[in-house]
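See below for the structure under consideration.
The values are calculated or read from the model by the stated rules, or taken from the named source; none is laboratory data. Just so it is clear, the structure is predicted and the values come from calculations on it, not from any experiment. Note: ideal-geometry Cβ built from the backbone for every residue, glycine included; neighbour counts use all protein chains shown.
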Amino acid sequence: MTRLAADRWIRSIHLRRTRIIAGIILGAAAGYLYYLLIGCRAGTCPITSSPWMSTLWGAIMGYLLLDSISVKKRPPAKGDTSEGS
């Protein structure tokens, strides 16, 4: 594996981890906000009656959403011969 290929591989792993962590944090925040603004006050709703469950479900949904989005690779520029060597 060349140095350039190794750098690209490390960057792709770092980008994937960053997306996963961002999805979990954003989802957890959205789940908690859902509990605060809309949540079930009577206690009959199993997910939205507890801030912990609502936050947990939001984090899971955020992870699944951002993990499912794939980053498209840009086509090589004209005259770029580094891919083929």
Pick out the one residue from ALA42, ALA22 that is among the aliphatic types (A, V, I, L, M) and at pLDDT 80 or above. ALA22
If you check every pair at least six apart or on different chains, which have Cβ atoms under 6 Å apart with a residue in segment 29-53 that is in a loop (DSSP other than H, G, I, E, B) first and a residue that is loosely packed, with under 14 Cβ neighbours inside 10 Å second? SER49/GLY43
Filtered residues of segment 1-44 (kept if surrounded by 15 or more Cβ atoms within 10 Å (Cβ to Cβ) and either in contact with a Pro (Cβ under 9 Å, 6 or more places away or on another chain) or farther than 21 Å from LEU66 by Cβ (or both)): GLY31, TYR32, TYR35, GLY39
